[in-house]
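Report on the structure given below.
Read-outs throughout are calculated quantities, based only on the coordinates presented, and are distinct from any laboratory measurement. The structure presented is a predicted model; accordingly, all values stated were derived computationally and were not measured. With ideal geometry, Cβ positions are generated from the backbone for all residues, glycine too; neighbour counts draw on all protein chains shown.
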Amino acid sequence: MSQTKPVIIVHGGAKTISEDKVEANHAGCRAAALAGWSVLAQGGSAAEAVEAAIRVLESDQTFNAGFGSTLNSEGEVEVDAAIMDGATLSWGAVAAVQGVRHPIAAARRIMEEKPRLLVARSGERFALEHGLEMCAKKDLISEEQYEEWKEDVEVLDRPNTVGCVALDINGNLAAGTSTGGTNGQPQGRVGDTALVGCGLYADNRLGGCSTTGDGESIIPVVLAKSAIDALAGGRHPDEAAQQAIATLQSRVEGEAGCILIDCQGRIGWAYNSEDMAVAYMNEELSEPATFTGKEQPLAAA
Ligand code: ASP
């Protein structure tokens, strides 16, 4: 059986990236793309690669996922994550969980066991019972986020959800997304990230997608599934992504971004926020190509 050429793309959120954060966004996305790529290059599955890449972003306080997430109204890190497998349409998700070091790992474990969305204590209990890394709730709070919350400063950067789509050598696609939600969100608020069709979608017949942005706008236009549906007829992923974002803008005046890989391994992305951090990697590149929207790619495609 002939092998598919693997490819991986990650995003670090649709947002405004202040000048002093540009480098950290490049570095974080690059490291995540490399982590996922090393899984794919060794013949690992797309879902494994997605988890590996998102774990890196969840560990990096530059991004609003895992450690360094934005704080809710009570000053807590409360996160959502989901993953979907394009071969089986299987999926798993957690929402409003605390003290789980890598929410994407919990989502993947749920997917493997039985597709469902586990919120708050049930998600935390699942992670604990399945031997996933737990931590004190406060260990996920970065100093920068705590200061911003305490001072109640007006934050210029919108929160920066992370996501990944990967295509493995067996032609299977997977997509995953992880977030700390929105600045100062009420306890228990859940956005698009944990919802299949909104924050992510993967179907081997068309492609995989991860989204980021204003969850309350992404949900009513079912952004990830809309972008995937726009791939029908062989439309290029860049065009499909632009079409989905244009619909979001015209129908609900939302601000968001999305990354896509189609079933042929072509990549694309679009956003209507000021910036979006993106990195991708394939066999033709010796280093991931990284972008923040503020300058030319660091590595040419
Ligand atoms: N989509 C995330 C949420 O609404 C936030 C973001 O991507 O900025 O929870």
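Need one word for region 27-116: rounded, prolate or oblate. Basis is the Cα gyration tensor (sqrt eigenvalues a ≥ b ≥ c); a/c below 1.5 gives rounded, then a/b vs b/c decides.
Note, shape of region 27-116 comes out oblate.
Show me the three semi-axes of the equivalent ellipsoid for region 229-272, from the C-alpha gyration tensor (sqrt of 5 times each eigenvalue), largest first, rounded to whole Å.
After diagonalising the Cα gyration tensor, the semi-axes are 20, 10, 6 Å.
Quote the FRET efficiency, to the nearest 0.05, computed for Glu253 versus Ser2 with a Förster distance R0 of 45 Å and r equal to the Cβ-Cβ distance.
Here the calculated transfer efficiency is 0.50.
Which loop-located trypsin sites (Lys or Arg not before Pro) does region 158-246 contain, where loop means any DSSP state but H, G, I, E or B and the Cβ has at most 13 other Cβ atoms within 10 Å?
Filter output for region 158-246: Arg205.
Using only the alpha carbons of region 117-244, what is the convex hull's orientation-averaged projected area in square nanometres? Intermediate results must be reported in sequence, preceding the final value.
Details: hull surface 40.4 nm².
Averaged projected hull area, Cα only: 10.1 nm².
Assigning unit charges at the beta carbon (Lys, Arg +1; Asp, Glu -1) and nothing else, what dipole magnitude in debye, to the nearest 20, does the chain show about its Cα centre?
So the magnitude is around 1020 debye.
Once amide H atoms are placed 1.01 Å from N in the peptide plane, what residues at a sequence separation of 5 or more from Ala96, or on another chain, have their amide H within under 5 Å of its amide H?
Val79, Asp80, Ala120
Need one number: nm distance between label points at Gln187 and Tyr146, each 7 Å from Cα along Cα→Cβ, rounded to one decimal.
1.9
Using only alpha carbon pairs under 8 Å that are at least six residues apart, calculate the relative contact order of region 1-153 and give it in whole percent.
That works out to 18 percent.
Grab the beta carbon distance between Glu239 and Glu216, set R0 = 30 Å, and tell me the FRET efficiency rounded to 0.05.
Efficiency computed from Cβ-Cβ geometry: 0.70.
What is the chain's relative contact order, in percent, from Cα pairs under 8 angstrom and six or more apart in sequence?
Reported relative contact order: 25 percent.
Send over the semi-axes of region 164-301's equivalent ellipsoid, whole angstrom and largest first, taken as the square roots of 5 times the C-alpha gyration tensor eigenvalues. Walk me through the intermediate numbers first.
Details: eigenvalues 109, 60, 43 Å².
Listed largest to smallest, the semi-axes of region 164-301 are 23, 17, 15 Å.
Rounded, prolate or oblate for region 94-188? Axes are the square roots of the Cα gyration tensor eigenvalues, ordered a ≥ b ≥ c, and the cut-off for rounded is a/c under 1.5.
Since a/c reaches 1.5 but b/c is at least a/b, the shape of region 94-188 is classed as oblate.
Which of the helices in the chain, when you take each full DSSP H run, stretch at least 27 Å along the axis at their Cα atoms and have an average Kyte-Doolittle score of 0.5 or higher? All intermediate terms of the calculation are to be shown ahead of the outcome.
Working: long enough: 22-41 (28 Å, 0.70).
The answer, listed by residue number, is 22-41.
Once fully extended, how much extra length lies between Glu287 and Glu74, figured as 0.36 nm per residue of separation less the alpha-carbon to alpha-carbon distance?
Roughly 72.6 nm would be gained on extension.
Give me the Å³ per residue figure for the convex hull around the C-alpha atoms of the chain.
113
From the cross-link list Lys138/Lys225; Lys114/Lys150; Lys150/Lys225; Lys15/Lys138; Lys114/Lys138, which pairs have alpha carbons spaced over 32 Å apart?
Result: Lys138/Lys225; Lys114/Lys150; Lys150/Lys225 exceed 32 Å.
Rounded to the nearest 500, what is the 222 nm mean residue ellipticity of the chain from helices alone, with -39500 (n - 2.57) per DSSP H run of 4+ residues and division by all residues?
It lands at -9500 deg cm²/dmol.
In the chain, if the dipole is taken from +1 on Lys/Arg beta carbons and -1 on Asp/Glu beta carbons about the Cα centre, which of Leu231, Val77, Val22 is farthest to the positive end?
After comparing all options, I get Leu231.
Which of the listed residues, Leu40, Leu285, Val100, is farthest toward the dipole's positive end in the chain, when Lys, Arg count +1 and Asp, Glu count -1 at the beta-carbon?
Leu40
Could you give the distance between the Cα centres of region 238-294 and region 73-110, to the whole Å?
Taking the Cα centre of each part, region 238-294 and region 73-110 sit 22 Å apart.
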